[in-house]
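The values are calculated or read from the model by the stated rules, or taken from the named source; none is laboratory data. Predicted model, so just to flag it, every value in this text is computed and none were measured. Every residue, glycine among them, receives a Cβ derived from its backbone with ideal geometry; neighbour counts consider all protein chains shown. Surface areas here come from the heavy atoms of the whole protein model, side chains and all, with no ligands, DNA or RNA. Shrake-Rupley method; radii C 1.70, N 1.55, O 1.52, S 1.80 Å.
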Amino acid sequence: MSKIKDTTDGISIQDVTICDATAQMLKKAKRDGVETAFDRAASMKACPIGADSACCKHCSMGPCRLNSKDPYGKVGVCGADIDTIMSRNFARMVACGTACHTDHGMAILKLFKEVVNGNIKEYSIKDTIKLESVARSIGIEVEGKSVKEIATELYQELEKTFTQLEGEIPFAKRVPQKTLETWRKLGIVPRGAMLEVLETMNRTHMGVDQQYENLTRQISRTALADGWGGSMVGTELSDILFGTPSPVAVEVNMGVLKENKVNIIVHGHEPNLFESMVVSANSPVLIQAAKDAGADGINLVGMCCSGAEMMVRHGIPHAGNFMSTEAVLITGAVDAMVVDIQCIKQGLVKVADCYGTGLYTTNRQCRIEGATHIEFNEHDPLAATDELIIKAITRFKNRTAVVEIPKIVNTGVHGFSHEYINYMLGGTFRGGYTPLNANIINGRIRGVAGVVGCTNPRVKQDWVHVELVKELIKNDILVLQTGCSQIALAKAGLTSPEAAVLAGPGLREVCETVGMPPVLGLGACIDNSRILVAAAAMVHEGGLGDSIADLPVAGAAPEWMSEKAIAIGQYFVASGVFTVFGVTFPIVEGTKFHKLLFSGLEEQGMGKWGFTPDPYEMARLMIDHINKKRRALGIDKKSERVLVDMADRRQIA
Ligand code: NFS
Ligand code: SF4
């Protein structure tokens, strides 16, 4: 039963979300007697010891609980102190997040290899320019070679990202020299992602690494194997296979569902399933079948990360972020929800069931009790995707649920890949980061912020994202976005060029000149690797220091919830970026491990962590940091812009 109240006594719907469509659906859920994660978050108080990461269950002498009010007052049965316990827990979060992105990257690499070798014919290499540039970036000679030859060398080389036992991962070659030297000095350049995750698991077993500083180096190494490894391989190879994003107008929000169409939501993380769903949804035979069932057609929409990828690559409509996946089913209009891996709430099963919606798992790695499994096999992808569409058509024909679709659609421009930013700011003949760096140096743009990550029922959905980003752009900070955060801002209308009016005068001028929004959507969480590539390009361009740590940039995940977000945060920090998280931080303040993450790492030449649940405080921390970096670069005094007045003009004439 719904625990969220409409009224002001207790928790009200206005307190849990600023997404009007989600709010409308939560009201309907209450009428329908349906429970969601918002209700469960209200009744399930977060365990305070676990929230501080002050407990350990790594062996059966425990579980052991320490006291976060007096963190050094007690140790575990084995003698593990608070720093050991917290750093081990943190390491395992990073290892898990890295495993998720790495598995995704490996799946794309495997697909790429099969396509190149002709074993899979349903996909092909779409972007040969990107193929060549990625190959070149890791030292592969491309002159005089065929696409197949380059692609073969590329996958052979990139395989090392996952399996290599010694040496540095291939994309380490893209890291700015000074940043790489810092990593080498600390011994944290990743070898292969599988090895780093494995070593982290070993070192966090009972009785292995019990020195938090030593373990923190492995934490960074593992996270870097995600950012510059698994994630980057996932993004780059997906671009080569499915196309590199460029700006496209996209409709976002639940209003993209159509009452008179067969509505299918694809929710998950791997683009290949979605790409094949698009092929099936465009099949004339299946469109006819939908019409025969009385529908006007088939309406395919995305949610969460694979949705964000399809949105930036192909302009496919997007229905909402993580905290709207149950709410969207309450519309009654969803004929099938097709999921693959990651961030799929088990709670979806019950909600789908209430509305007669089919919930389908498709990946062998992710089945959910109560959902129907139709396995997707990339050697014969359309077998599954055709079947899924037929299932959806059947549900449409037999729809009994009352349909109520929130009439809200927001249009924005998304798809700002690193390649496009390069082109957009520089133009065809002088592509490059010169104009971005120049605008940062002359102070029109104060700095760049990456605002990313999840939504979380422990905070008001979308609110922290939106308030933070508004503050940042008002202060002339250009915002880059991915994942569920990007969808929050799209729903708030900030991803349209018209939103430039909300920016400070300098950023506004740049946006209006170029015709771009002040908030640039880059894609899914895996595409945070695009932000790393952009940061490296800013360093290479010159004028803003020698390492990523010198750049006037900052990052944030204001409403994070997943272990993947922690891995991402750590790879940004280890790359040199000040990164602020909201909601809660799983470390006791004032401990040695806390000091290391929140200031010590910066002294070692990396970035550092920050934490605050308050969006305005978060903006202040990020702006202060960007100002500090500007001062260090000697670009804090805005270079005077010479305005030509009438007297000057007469002189010129
Ligand atoms: Ni990112 Fe994607 Fe969203 Fe968070 Fe989950 S969908 S990979 S983890 S919740 S942003
Ligand atoms: Fe307790 Fe140590 Fe076992 Fe952890 S490893 S549960 S702290 S005894």
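With a cap of 12 neighbouring Cβ atoms within 10 Å, and only residues DSSP puts in a loop, list the chymotrypsin sites (Phe, Trp or Tyr not before Pro) found in the stretch 410-480.
Those that pass, being in a loop and sparsely packed, are F429.
For the chain, what does -39500 (n - 2.57) per DSSP helix run (n ≥ 4), summed and divided by total residues, give at 222 nm, in deg cm²/dmol to the nearest 500?
-14000 deg cm²/dmol
Given a 1.4 Å probe, how much area per residue of the chain is accessible, in Å²?
Ligands and nucleic acids excluded, the result is 38 Å² per residue.
Tell me, what is the FRET efficiency for V514 and Y616 to the nearest 0.05, using R0 = 25 angstrom and their Cβ-Cβ distance as r?
0.30
Taking Cα pairs under 8 Å and at least six residues apart, what relative contact order does the stretch 1-160 come out at, in percent? Write down the numbers at each step before the final one.
Details: 120 pairs, mean separation 18.9, N = 160.
Value for the stretch 1-160: 12 percent.
Below 21 Å, Cα to Cα, which lysines can K113 reach? Residues fewer than 8 away in the same chain don't count.
K121, K126, K130, K145, K148, K160
Collect residues whose amide H, placed 1.01 Å from N in the peptide plane, falls under 5 Å from the amide H of T455; neighbours closer than 5 in sequence don't count.
When sequence neighbours closer than 5 places are left aside, the close amide H contacts are F322, M323.
Suppose the chain between Q211 and T411 were pulled fully straight at 0.36 nm per residue; how much longer would it get relative to their current alpha carbon spacing?
The Q211-T411 span can extend by a further 66.9 nm.
What is the set of long-range amide H partners of G555 at a cut-off below 5 Å, with H atoms built 1.01 Å from backbone N?
The answer is G450, F578, T579, V580.
Could you check how much of the accessible area of the stretch 78-242 is carbon and sulfur, as a whole percent, using a 1.4 Å probe?
51
Which whole-number percent is the relative contact order of the stretch 412-633 (Cα, under 8 Å, 6+ apart)?
That works out to 22 percent.
What spacing in nm lies between the two simple spin-label points modelled at K350 and S246, each 7 Å away from Cα in the Cβ direction?
Rounded to a tenth, the inter-label distance reads 4.8 nm.
In whole Hz and in residue order, list the ³J(HN,Hα) couplings for the stretch 352-363 that follow from phi through the Karplus curve 6.51 cos²θ - 1.76 cosθ + 1.60, θ = phi - 60°; x for Gly and Pro.
Ordered by residue, 3J(HN,Hα) equals 4, 4, 4, 10, x, 8, x, 10, 10, 8, 9, 10 Hz.
Counting pairs of Cα atoms in the stretch 283-348, how many percent are more than 14 Å apart?
64
For the full complex of protein chains and a 1.4 angstrom probe, list E509, E589, E326, E471 by accessible area with the highest value first.
Result of the area sort, largest leading: E589, E509, E471, E326.
Test of understanding: what is the full-extension gain from V75 to K592, defined as 0.36 nm times their sequence separation minus their Cα-Cα distance?
Extra length available between V75 and K592 comes to 184.6 nm.
Where does the charge balance sit around V142 when Lys and Arg score +1, Asp and Glu -1, over other residues with C-beta under 10 Å from its C-beta?
Net charge in that neighbourhood comes out at -3.
Apply the a/c threshold of 1.5 to the C-alpha gyration tensor of the stretch 78-242 and tell me whether it is rounded, prolate or oblate.
Cα axes put the stretch 78-242 in the prolate bin.
For a test of the definition: using alpha carbon positions, the gyration tensor, and the 1.5 limit on a/c, classify the stretch 412-633 as rounded, prolate or oblate.
Note, shape of the stretch 412-633 comes out oblate.
Using the Cβ atoms and a cut-off under 12 Å, what net charge is assigned to the surroundings of A352, where Lys and Arg are +1 and Asp and Glu are -1?
Once all neighbours under 12 Å are counted, the net charge is 0.
Can you give me the % of accessible surface on the stretch 410-508 that is carbon or sulfur? Probe 1.4 Å, all protein chains present, nothing else counted.
55
Determine the distance separating the Cα centre of the stretch 303-349 from the Cα centre of the stretch 87-143; give it in Å without decimals.
Answer, in whole Å: 24.
May I ask you to derive the relative contact order of the stretch 258-298, considering only C-alpha pairs under 8 Å and at least 6 residues apart, and to give it as an integer percent?
56
Once each part is reduced to its C-alpha centroid, what is the distance from the stretch 532-547 to the stretch 599-624 in angstrom?
The distance from the Cα centre of the stretch 532-547 to that of the stretch 599-624 comes to 20 Å.
At a 1.4 Å probe radius, which order do T385, T411 fall into by accessible area, largest first? Working shown, then result.
Numbers: T385 0, T411 80 Å².
From most accessible down to least: T411, T385.
Between E166 and V402, what FRET efficiency comes out of the Förster formula 1/(1 + (r/R0)^6) with R0 = 51 Å and r the beta carbon distance, rounded to 0.05?
FRET efficiency, V402 to E166: 0.25.
Once R0 is set to 51 Å, what does the formula 1/(1 + (r/R0)^6) return for the Cβ-Cβ distance between M44 and E141, expressed as a FRET efficiency to the nearest 0.05?
Plugging the Cβ-Cβ distance into 1/(1 + (r/R0)^6) gives 0.35.
Could you rank C55, C525 by how accessible they are, 1.4 Å probe, largest area first?
In descending accessible area the options line up as C55, C525.
Please say if the chain is rounded, prolate or oblate, where rounded means a/c under 1.5 for a ≥ b ≥ c the square roots of the C-alpha gyration tensor eigenvalues, and otherwise the choice is prolate for a/b larger than b/c and oblate otherwise?
Judged from the Cα gyration tensor, the chain comes out rounded (a/c under 1.5).
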